[in-house]
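Read the structure below first, then the notes.
The values are calculated or read from the model by the stated rules, or taken from the named source; none is laboratory data. Remember, it's a predicted structure, so these values are computed and weren't measured experimentally. No Cβ is skipped: glycine too gets one built from the backbone with ideal geometry, and neighbour counts run over all protein chains shown.
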Amino acid sequence: MKELLLIACCVLIASSAMAGPVKIGIEKDHTLTFNGERFLPLGVAPGPPSDFKTPDGKNGWKELADGGINYFRSGPSEQNWDDATLKKLEADIAAVEAVGGIGAWVFLRELSNLEPNHPEREAMLRRMINKYKDRPGVFFWKNEDEPAWGKKSPEGLAKGYKLIRELDPDRPVITIQAPRNTIEELRRYNDSCDISGADIYPVSIPMGKNSHLPNKNISVVGDYTKRMVEVVHDQKPIFMVLGVTWSGVVPARGNTLIRPTFEQMRYMTYQAFIDGAKGIHWFGFPGVLSEKDQPYGWNWTYWYSVMKPLLSEFKKGTELNAVLIAPKDDMKLRVEGADDIEYLARRVNGKVYVLAAKREGPEAAIKFSGLGAKGTADVMFENRSVPVTDGVISDTFKPNAVHIYRVQAN
C-alpha cells in the first residue's frame, strides 16, 4: 500500500469534452440527479482497457457512452494498490473526460474501511478522495465489495463513509452486497452508504446456483431487488448488478459457459426497474472472451447482440428513460389472469405507461383494468397495438415476457 504515495505525483489531464463540477444528488423518490437533472445510472463493471477500441477502430468509450452507459467501475479488483493500478485509474478517468457523458465509479476497496487496526488507511483514503473529488470524470465512490458476506467491519465502513462525504459531499457512496446473508445482517451496513444494492447472476448451469433463495429462476432478480428495498427500509436508492459473465460460468473453474439471452436480460432488467431499482449495471464484459474479442479486452459480441439493443429502449434521450426517471405519479391497477405479473404504471406527459413482466408460470391471458383511458395502447418495441376498452388492456403473456404499453390518458 506504500505505492499509494504515488498518487500525489500523478499528472492531472485537462479535458476538453468534460469540464466543470459534478454533483450527483438523490431526490426524495430516490431518483438520482446529475447537476440537478434527473438521470438513470446505467453502468458496467469492471471497466474496459483505458485505450480500448471497437472492432472497427473507433473509440470504445464513446461507443459505450453513445450506447447508453454512463458509469463504469475503476480501481483495484484482485490487484493491489500498485503503480499499475493507479496509472490505469488515472488513464481511465482521463479517457472518459475526453469523451464526456460517462464517469468512473472509483473502487476504494479496503481504504474505505477505517478499522482501528489499520490506522494507515485514513491518510491513504484522504489522498484518493482529495485527488479525484473535483474531476468531472468521477461520478461515484465504491466502498468494500459485498461487505456482509465478507464479514467486513460495519463500524469501520461507517467511519470511512463519514470521512468520504466530509471530503466530497457531491458524490454518493455505493455499497453492493452479495446475494447472501439475512436482512438484519445486511442492515448493519446501511450507515456506510448513500446507495445500496446487490449482485445476482441467476443464469448458469444448473440455473440459479448464485441464488441463496428458494427461487432459482431468473425472476429471482426481482426477489433480491425487493429484498434490498426492505434492507434499507425504502430510504435509499437501490442499484442492481446483473451478470454477463461471472465466476459460476467460467470453464476454467469447472463450469459451463453460458450468458443471458437478449430475452432473459431484457426480462431481468425490466423486472429490476419495476421492483424498485434506480440504477443497474452489468458485470463481466471482460470475462472469458472469444478469440474474436480477445484483442479488444471486451465482449463486443455481447455488447452488439444483446446490450446495445436493450439499452436503446431506455437510455438517455429515449421516451422510456423519461418515464423511468419521472417524478412518481404511479397508478394501482387490477390484474387478472395470473398471480405472477409485476408492473409499474405511471402517468407521464399526458400518457399512461404500463411496464409489465411475468414470472415463470404458464402462458396466460392477462387483463389490466383501472387505466382511466380508452382507445388504443401501443405495445412499445413490438410493432403492434392492443385495444383499450373501458380502461382495460387485455394481452397474452408467455413466461418471462415483458410488455410495455403506452396509451393516451383521458
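Quick look at the numbers
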item: Subset of the range 37-62 [crowded, with 18+ Cβ neighbours inside 10 Å and farther than 27 Å from PRO237 by Cβ]; result: SER50, PHE52, LYS53, GLY60, LYS62
item: Subset of the range 93-123 (residues that are more than 24 Å from SER192 (Cβ to Cβ) and either of a type in the set (S, T, N, Q) or not in a helix (DSSP H, G or I) (or both)); result: GLY100, GLY101, ILE102
item: Tally of residues being of a type outside the set (Val, Ile, Thr), in a strand (DSSP E or B) and within 25 Å of the chain's Cα centre (by Cα) across the range 339-394; result: 11
item: Identity of the residue in the range 371-408, modelled with pLDDT under 95 and surrounded by 15 or more Cβ atoms within 10 Å (Cβ to Cβ), that ends up farthest from PHE273 (Cα to Cα); result: LYS374
item: Verdict on GLU166 being within 26 Å of ASN70 (Cα to Cα), more than 22 Å from the chain's Cα centre (by Cα) and acidic (Asp, Glu); result: yes
item: Per-region count, the range 274-294, residues under 20 Å from GLY208 (Cα atoms) and under 12 Å from the mean Cα position of the chain (by Cα); result: 4
item: Residues (more than 26 Å from ARG359 (Cβ to Cβ) and at pLDDT 95 or above) located in the range 320-337; result: ALA322
item: Boolean, THR269 is of a type outside the set (Lys, Arg), free of Cβ contacts under 8 Å to residues at least 24 places away in the same chain and within 30 Å of LYS236 (Cβ to Cβ); result: no
item: Residue that is surrounded by the fewest Cβ atoms within 10 Å (Cβ to Cβ) [pool: residues in the range 139-162 that are in contact (Cβ under 8 Å) with a residue 40 or more places away in the chain and under 25 Å from GLU97 (Cβ atoms)]; result: LYS142
item: Answer from PRO286, PRO309 - the residue that is in the same structural domain as GLY25 (by TED's automatic domain parsing), in a loop (DSSP other than H, G, I, E, B) and out of contact with any strand residue (DSSP E or B) (no Cβ under 9 Å at 6 or more places or on another chain); result: PRO286
item: Selection from the range 180-235 of residues that are within 18 Å of the chain's Cα centre (by Cα), assigned to a helix (DSSP H, G or I) and crowded, with 22+ Cβ neighbours inside 10 Å; result: VAL220, VAL221, GLY222, TYR224, THR225, MET228, VAL231
